[in-house]
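The values are calculated or read from the model by the stated rules, or taken from the named source; none is laboratory data. All of these numbers come straight from a predicted model, not from anything done at the bench. Positions of Cβ are backbone-derived with ideal geometry, glycine not excepted, and every protein chain shown enters the neighbour counts. Side chains included, ligands, DNA and RNA excluded: accessible areas come from the protein's heavy atoms. Shrake-Rupley method; radii C 1.70, N 1.55, O 1.52, S 1.80 Å.
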Amino acid sequence: REFCSDAVFRDLAHDLIGPNVRLYWDQSVYKKPGTEDPFPWHQDNGYTFVDPQQYLTCWVALTDTDEANGCPWVLPGVHRLGTVHHQQSDLGWVCAKDPADAVAAPVRAGGIVVFSSLTPHATGPNRTGDVRKSYIVQFAPDGAAILTRDEEGEIVRTTMDDPARNFPVLVDDQAPGAAED
């Protein structure tokens, strides 16, 4: 909770989302040595549709990450199209295959690759002898919801406000509990 509420993330979230922001999701991601399969091109919003769509992903490198061990790759500009069609594969959802305009995003340990949940991204294979480690922290506007369909096909809106999981990181431009001037 302390890490995800750090001033670095609060400042990014404020500038890119607004004055009222919650943690949406966090997870550790490891890529084992010798992993030949890349993780497929996808948008984070292609996995779970969140409204509003533009939540923020911060891909924090826990180890130096480059093209040899599976750094992130992004497709600039595609976020402007909203959530695009994804197809299921053996490794996950896929929205693009071998795009020519992909840009590698190598990052040193402690650095962050920041992108919209609508930015298609992938990670390459890990052809090194070391584990590639990262921690993903995602932020959404307060009031954001996951949209699903029930058995009748009606849209169900589940607000992301679980205090144990989706805690506030900014409330009216301030860290929760921060003393006002």
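Regarding segment 121-128, can at least one residue be identified that is closer than 11 Å to His42 by Cα and of a type in the set (A, V, I, L, M, F, W, C)? Yes.
For segment 52-62, the count of residues that are modelled with pLDDT under 90, within 17 Å of the chain's Cα centre (by Cα) and not aliphatic (A, V, I, L, M) is at least one. The set of residues from segment 1-32 being more than 13 Å from Gln174 (Cα to Cα), of a type in the set (D, E, K, R) and surrounded by fewer than 20 Cβ atoms within 10 Å (Cβ to Cβ) comprises Arg1, Glu2, Asp26, Lys32.
Screening Tyr24 on (1) within 28 Å of Asp90 (Cα to Cα); (2) part of a loop (DSSP other than H, G, I, E, B) shows it passes everything except condition (2). Flag not set for Thr35, criterion: touching a Leu at 6+ places or on another chain (Cβ under 8 Å) and open to solvent by less than 70 Å² (accessible area, probe 1.4 Å). When segment 49-61 is limited to residues that are part of a loop (DSSP other than H, G, I, E, B) and out of contact with any Gly (no Cβ under 8 Å at 6 or more places or on another chain), the one that is surrounded by the fewest Cβ atoms within 10 Å (Cβ to Cβ) turns out to be Pro52. Exactly one residue out of Phe167, Phe115, Phe139 is among the aromatic types (Phe, Trp, Tyr), in contact with a helix residue (DSSP H, G or I) (Cβ under 9 Å, 6 or more places away or on another chain) and touching a residue at least 60 places away in the same chain (Cβ under 8 Å), and it is Phe139. Does Asp130 satisfy the condition of being at pLDDT 95 or above, within 30 Å of Val171 (Cβ to Cβ), surrounded by fewer than 18 Cβ atoms within 10 Å (Cβ to Cβ) and of a type outside the set (A, V, I, L, M, F, W, C)? When the stated conditions are applied, Asp130 does not pass them.
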